[in-house]
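We did not get these values from a lab; they are worked out from the coordinates using the rules stated. Since the model is a prediction, treat every value here as computed from it, not as a measurement. Here the Cβ is made from the backbone with ideal geometry for all residues, glycine too, and neighbour counts use every protein chain on show.
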Amino acid sequence: MLMVKQQPMLYQEVYNDLRRKIQSGELPVGCRISPENELTRHYETSTSTIRKAVQLLCDEGLLCKRRPVGTFVIGCPQDKAAPAESVNFPDLPVAPAQTALKVAVLIPDVSVVLPEGDYRHWQLYLRRLKGIFAAAARHNVTVLMHDLGDQCGYEEFDGLIIIRWAELFEPEPFRSIARQLDGNRIPYVVISDYYFELTAKWWLVDNLELEFFNAYRFLAENRMKSLLYVGPCFLKGNPRLQALSRAAELYHFDYELLNIEDANRKNAYAGIQQYCAGDIAKLRKFDTIFCSTDWQAFGVMEFLLENNIRIPDDLNLMGCDNLAEAATCPVPLTTFEFSGTYAGELAMELMLKAIANPNANGEMIAGRGEILIRNSVKLYQ
């Protein structure tokens, strides 16, 4: 009798390779995988094979199809997870590691807030999601990511981590969810950039005013005396400007505001061009330009280089957010990022404490960002 060695099914090979990429971080949580036609070409197989492999990963809770947007990574395999250093909080116990917990991460509707439409915030929140999943792996916690477009029954979860961003900035969508959770006694942790949500017992906030103040202090310590601020100037309670006013008073530097509402390269280029109005010498009274986003800094940098302004010899330039392009733009950009991955780890640690201590008063933690020193600011320290 002729014995034929059984070969692995093609869909299993595709499934295994995609699963490996998710586990290694090559396809991080929150990213959109390649469309079917590209996967078909890459794996040199049929559309039906790709669909079967993708469906297996969806059934496993690793991928989620969001028509017509695409398919997104929403989970990470928990087997063979790489060890990482733990963030310890001595005051309250966390839920024991042997307890099989299930936690949801709630984000805005991805069909509304697309990566292409809000690229800057996607990069920030992908860092936070990375931290959440890393901490979950250490504690044997299953994490599923849901957006507001999902029909999700929160009762099946031991807790929720809510990221207040986009439409979750609005009070009513957030408070509606909070009422459901409180009614079912499901603990939740809030990650917020702008709003101190005092109705939540457990929350983590990036203090934007403090982070911007530290950026201005860094510039002042490197002999900044006259600053041009590029960014939104009329937002109510703008933490960027509140920090700027206080830093200027404390460190004795002058500043001028150039209002550019939209955080993109094109508008920043046009805004600085209009400010100069054909006279590049108008910039000579400044030694530093600070942009409220990296996108704006990229547009300003393009204009300066086109007009033979040397960065940082003639002008310092600094941004905010630490987008990936900041390290590879024509003059690598000095910028700062919010707490990112570290904030995600802290949020999961808070989640475990909230689950283990349902009657506790809760806890608030402020994240801390980091200044990324590159080539666009002249250093004197």
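Dipole magnitude of the stretch 216-369 about its Cα centre, charges +1 at Lys/Arg Cβ and -1 at Asp/Glu Cβ only, in debye to the nearest 20?
On the way: 14 positive and 19 negative charges, 67 e Å.
It works out to roughly 320 debye.
Over the stretch 192-305, what is the relative contact order in percent, taking alpha-carbon pairs closer than 8 angstrom and at least six residues apart?
In percent, rounded to a whole number, it is 29.
Once each part is reduced to its C-alpha centroid, what is the distance from the stretch 324-374 to the stretch 207-263 in angstrom?
Each part reduced to its Cα centre gives a spacing of 21 Å.
Can you give the relative contact order of the stretch 254-314 as a percent, counting alpha carbon pairs under 8 Å and 6+ residues apart?
Contact order relative to length: 41 percent.
Using 28 Å as the Cα-Cα cut-off, could you pick out the over-long pairs in K130/K225; K102/K130; K65/K201; K52/K353; K130/K201; K65/K102?
In this structure, K130/K225; K65/K201; K52/K353 lie more than 28 Å apart at Cα.
For a quick check: with amide H placed at 1.01 Å from N, whose amide H comes under 5 Å from Y255's, ignoring anything fewer than 5 positions away on the same chain?
Under 5 Å from the amide H of Y255: L227.
Using a 10 Å cut-off on Cβ atoms, rank the peptides 326-334, 122-130 from the highest mean neighbour count down.
Numbers: 326-334: 18.0, 122-130: 22.4.
Averaged packing, sorted descending, gives the order 122-130, 326-334.
Need the full-extension length gain, A270 to E306, defined as separation in residues times 0.36 nm minus the C-alpha distance. One decimal, nm.
Full extension of this stretch gives 11.7 nm more.
Report ³J(HN,Hα) in whole Hz for each residue of the stretch 253-262, in order, from the Karplus equation J = 6.51 cos²θ - 1.76 cosθ + 1.60 where θ = phi - 60°; Gly and Pro get x.
10, 8, 8, 9, 9, 10, 6, 9, 6, 7
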